[in-house]
Amino acid sequence: MEREGRSLWRADREALLDALLSEYRGPGGETLWFYSLNPPGRVAEAAIESRVSHQNVVISGDVAADRLAPWRTPTQVTLYSTGEVNEDRLEVVAARGADDGNVEVIVPDDVSVFQDGWAGDLPIAHPTQVIWDLMRLGGSDREEAAERVRAWLLSH
């Protein structure tokens with residue numbers, strides 16, 4: 001916080017974002033990996049369309065980054081869900097892990113990931129969660145996408 005006047009303070013949003021990203025341990029929970037021949041954006045749309053009542057689903061990873069700060073074609077999608085997803089409706093098959101899959105489904109312990117917004121027709125995780133997921137997944141393309149989402153977030 002920086003003092004701007006006698007009783008006025010201004011938050012250093014960039015420092016707060018950096019502190020959150022460096023200290024956040026993640027949402028925990030169970031992670032399942034799947035593979036789909038469909039584009040990740042289509043899988044995300046199918047996940048939203050196939051939700052059952054009272055099931056919350058938000059999008060993160062490459063697809064969410066592309067909706068917030070378009071830069072490259074998404075190759076992966078992270079779905080946070082309060083319940084299992086319908087593999088048939090998503091047109092996915094089980095994968096052994098991140099190296100074999102392009103669809104990550106997380107049923108998190110920390111439900112704060114569901115504090116979502118909307119990007120077009122998709123509910124997405126908070127941009128800070130999107131940045132964290134991109135950095136966790138790794139790779140230079142995702143690091144650059146995370147920087148673009150970060151710049152977008154700090155400009156809004």
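Every read-out reported here was derived from the displayed coordinates using simple, explicitly stated rules and does not represent laboratory data. Small disclaimer: the values here were computed from a predicted structure and weren't measured. With ideal geometry, Cβ positions are generated from the backbone for all residues, glycine too; neighbour counts draw on all protein chains shown.
Determine how many Å³ per residue the convex hull of the Cα atoms of the chain encloses.
That works out to 124 Å³ per residue.
Sort 43-54, 118-129, 13-24 by packing, meaning the average of other beta carbons within 10 Å per residue, with the highest value first.
Highest-to-lowest ranking by the protection proxy: 118-129, 43-54, 13-24.
Give the value in nm², to one decimal: projected area of the alpha carbon convex hull of the stretch 36-103, averaged over all directions.
Directional mean of the projected Cα hull area for the stretch 36-103 stands at 4.5 nm².
Rounded to the nearest 5, what % of the DSSP beta bridges within the chain are antiparallel ones?
75
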